[in-house]
Structures are given as structure tokens and as C-alpha cells.
Amino acid sequence: MSKSLLKSYDPSLVVHDLVQDLKWDPALRNEFARNEAAVLDRYPLEPAERQAIEKRDFRTLYDMGMHPYLGGQLSRLIWGNDAGGGAIRAVNNLVASLTSGKTEP
Amino acid sequence: MGDIVFAGGIPHLPAMVGLYDRAPPDVQAIVRNSYEALHTEIKAAKPDAIIVFANDHLVNSRIRSYPDFLIGMASEHRGPHEWFKPWIGCRDYAIKGDQRTAAALFRGMIRRGIRMFAETGPLKFDDNISVPVTMGELDKLGIPLVPVLQNCTVPPIPEQHRCYEVGQALGDIIRNDLPPGMRVALIGSGGLSHEPGGSRYYVIDEEFDRWFLELVTSGDHDRMLKELTFDRMEASGSGGTVELFAWVVIVGAIGPRPGRSFGYANFRDFRCGFGAVIWDLSKQGMDKREREPA
């Protein structure tokens, strides 16, 4: 059985734009940290897509077709991006979401 | 009428920089020795330019309009890009570009029927270029660099046969399109096994990594092209290991030659296997392959 996460990838998902904009735009990133809902309001996300982001439900996002590389980056945008701290927290929460569905808020 | 005077493959795992101090001494030694060899042997080869093929990692283009190969044509390259600085933990750098060589590469690929894209402005670099440049201190050599960012991420991905063809064209361009006497170093940046963003984020496939290092140091390209498939790499770490196709471009450019490995390191916190190879470009290296056919 293939272990490829890319088989269900759907390039049309809007969450990809959100992640790419966030990593390219520090001002948007700051706003996302302060008021995530206001940023999400500006993207035409499907209701289930938005709900999965809000619930930190990466399993659902991946099943919908989110690219896992950008999923990893979304986790760092949420939980932290520094090598020795936030990024480790992000990886642990991402893996927990994909395997057990349990993550930090 | 140019010459390839150096060819190597080396990983760019970001955690290796930020978490280097947490690694055991034997792992640190393999990483350190590999990057020192990269620096020392490139310096000794006296190239006029370094061309690096590396995974773009969805950094420079939208996912819906994604180029398979993007050549950096700027006069200077700086990195890492702002968002990646804390994640990688490396120092800032600036390295000269080589606009003439980048243009010759772009022109040569198009004329050989290989679609590439090129950017004259600054490209954004994450670990792909930043780690080899800073860990190998390539910016301190005073040699200009031409980055070629490759699609190893967005399906459909150029697989081993296509990457090998691109490498063959690269070699042909260096030999026939570049100025007489021009010396070029080639680096494939990426790997080894890893699954960034997946449930196996912490899983390193040591069996695959050791098999891969044996394969690419053997110089047996028939076997490499048969066995180093997209599916094989995805099984060892989805969405990450396939960036080893950047190494396939480099070996396509130099042809079947043996290589030297500098050891293998498997440290869980790096979330990626580590091993580097430098290929033997001497006449003896070619002769050895001819004596030991697959």
C-alpha cells in the first residue's frame, strides 16, 4: 500500500493561499496571531476547511487535499517557528493531530 | 567548452543547524566532516561558478502555477528569507550571482527542449540554499552561485528519468555552451529520507538512506534509474525524500562515476537522515566504472 501523502492532494484548496501569504507577509502574520478570524474572513475557504483550521484538525485538512508540506508550515504558523522551541511544539502537535486527533489549542 | 570540476550531493535539513548542539558527538562529526569536505574540495577545484539544484519547497511560486525548474538570475543572492530565519537558525549571507552563466543555462535548456523558468529579481531561499551556503561557508569562497530551484513537492513531480535528462542537458550546456576553460562546480542539495508535515515526521528510514548512498556512490546509473523511483522515495518519507531527485540531475550531468560517502547519521531530532557524497570526476573514476559495469 502506498504511503504517499500526495495522492489526495487537491491544488484548488484555498488554505494553500493562506499559508503561502502568511509566510510571505509579516504584517498578515502578525494579524493572524492577534486576530485569526479576521484573516480567515478574507479567504474564500469552504466551511469545513475553515472549521478544520480553527480546530487544528490536520487530519481533516489532509483528507480534504491540503498539501502536507504547507500543512507543516501552517502548524509552525500556529504553534511556533523557532528551531529549538516552537517548531518542535508544532511538529508534535501536527503529528498528534494526524495520529490521534489531539492537539493543543 | 567548459568543464565540470566538482560534483557533490549534500542534505540541507534545517534542524541540523538549529539543533546541531543537541546532537551526539558522532553525528556532529559526520555533519561537520561532510560540510568541511564540501568547502575544501570546491575550493581546491577552483571553479568559476557553482550551480546548485535544490527543492524550492513551495517558497517562490503559488501552488497552482508552479514551475518544475526556476533559475536564479540575480546578480546577488541573499538569505535566508525572513520567515525561515528562526526555523533554520543559520546566519544571514550574501553570495554573488552569475548572470551570464544563469542566462546560458536558461537559454541552453530551452534550446534543448527543456522548459525552465528564470527570475532576474531576488529569490526567496529557505534551507534549500541557505544550509549548504552557511554550513559549507560557500559564501566565503568568493565564487558566484547559480541556484536552480526544482519542483520536488507539487505533483506531478519530474521523476528520475526526467531529472536525469535535465542533468544530461546541464552537462552538455557546460561542455558546449559555456566559455572555453570555464570551470563549474555542481551541487545537488536535499535529502535524505524525511516526511515533513506528515505523521511520520520523526521517522528516518535508515535502510533506505544507506541503500541510496550505496546506489549513488556505485556509479551504476542503469540501476539507479530503474530503482530510484518516486514510489520508492515516497515510501521512505512522503513529500520530502523525493527531493533527492536534485542529486539525480547532478549525476546525469557527470555520467556514471563512483562517489565517496562521508558517513551516515540518523538523529531523530533532525527529522531527516544525513549523508553526503562527492563524485570522482578524475579519469581514474571514469576508468573504474568502465572496468566494473553493472
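The values are calculated or read from the model by the stated rules, or taken from the named source; none is laboratory data. Quick caveat: nothing in here was measured; it's all calculated off a predicted structure. Cβ placement follows ideal geometry from the backbone for every residue including glycine, while neighbour counts extend to all protein chains displayed. What goes into the accessible areas is simple: the full protein's heavy atoms, side chains included, and nothing from ligands, DNA or RNA. Shrake-Rupley method; radii C 1.70, N 1.55, O 1.52, S 1.80 Å.
From the list A:Ala96, A:Ala83, A:Ala87, which one is outside any helix (DSSP H, G or I), within 14 Å of chain B (Cβ to nearest Cβ) and either of a type outside the set (Val, Ile, Thr) or surrounded by 14 or more Cβ atoms within 10 Å (Cβ to Cβ) (or both)?
A:Ala83 is the lone residue from the list that is outside any helix (DSSP H, G or I), within 14 Å of chain B (Cβ to nearest Cβ) and either of a type outside the set (Val, Ile, Thr) or surrounded by 14 or more Cβ atoms within 10 Å (Cβ to Cβ) (or both).
Is there any pair with a first residue in the range B:187-207 that is of a type in the set (Lys, Arg) and a second that is crowded, with 22+ Cβ neighbours inside 10 Å whose Cβ atoms are under 7 Å apart and which are 6 or more apart or on different chains, and what are they?
Between residues of the range B:187-207 that are of a type in the set (Lys, Arg) and residues that are crowded, with 22+ Cβ neighbours inside 10 Å, the close pairs are B:Arg200/B:Gly237.
Can you find even one residue in the range A:3-19 that is under 26 Å from B:Leu19 (Cα atoms) and either in a helix (DSSP H, G or I) or of a type in the set (Lys, Arg) (or both)?
Yes: one or more hits.
What's the total number of residues in the range A:46-80 that are facing chain B (nearest Cβ under 10 Å) and not basic (Lys, Arg)?
Within the range A:46-80, residues that are facing chain B (nearest Cβ under 10 Å) and not basic (Lys, Arg) number 14.
Every residue in the range B:176-203 that is touching a Leu at 6+ places or on another chain (Cβ under 8 Å) and within 14 Å of chain A (Cβ to nearest Cβ), please.
B:Gly190, B:His194, B:Glu195, B:Gly197, B:Gly198, B:Ser199, B:Tyr201
Can you give me the number of residues within the range A:53-80 that are part of a loop (DSSP other than H, G, I, E, B) and touching an Asp or Glu at 6+ places or on another chain (Cβ under 8 Å)?
3
Just to be sure I understand the filter: pairs with C-beta atoms under 8 Å, separated by 6 or more residues or on different chains, first member in the range B:33-47 and over 25 Å from B:Tyr20 (Cα atoms), second member open to solvent by 10 Å² or more (accessible area, probe 1.4 Å) and β-branched (Val, Ile, Thr). Which pairs pass?
B:Ala45/B:Val5; B:Lys46/B:Val5; B:Pro47/B:Val5; B:Pro47/B:Ile143
Which members of the range A:51-77 meet the condition of being farther than 16 Å from A:Leu5 by Cα, open to solvent by less than 40 Å² (accessible area, probe 1.4 Å) and either among the aromatic types (Phe, Trp, Tyr) or touching a Ser or Thr at 6+ places or on another chain (Cβ under 9 Å) (or both)?
Within the range A:51-77, A:Ala52, A:Arg56, A:Ser75 qualify.
Can you work out which of the residues in the range B:39-67 that are open to solvent by 60 Å² or more (accessible area, probe 1.4 Å) and touching a strand residue (DSSP E or B) at 6+ places or on another chain (Cβ under 9 Å) is nearest to B:Leu170 (Cα to Cα)?
B:Asp48
Any residue at all in the range B:77-100 that is hydroxyl-bearing (Ser, Thr, Tyr), farther than 29 Å from B:Glu159 by Cβ and open to solvent by less than 40 Å² (accessible area, probe 1.4 Å)?
yes
Which of the helices (runs of 4 or more DSSP H) contained wholly in the range B:184-294 include at least 3 residues that are crowded, with 24+ Cβ neighbours inside 10 Å?
In the range B:184-294, B:206-218, B:245-254 are the helices (runs of 4 or more DSSP H) which contain 3 or more residues that are crowded, with 24+ Cβ neighbours inside 10 Å.
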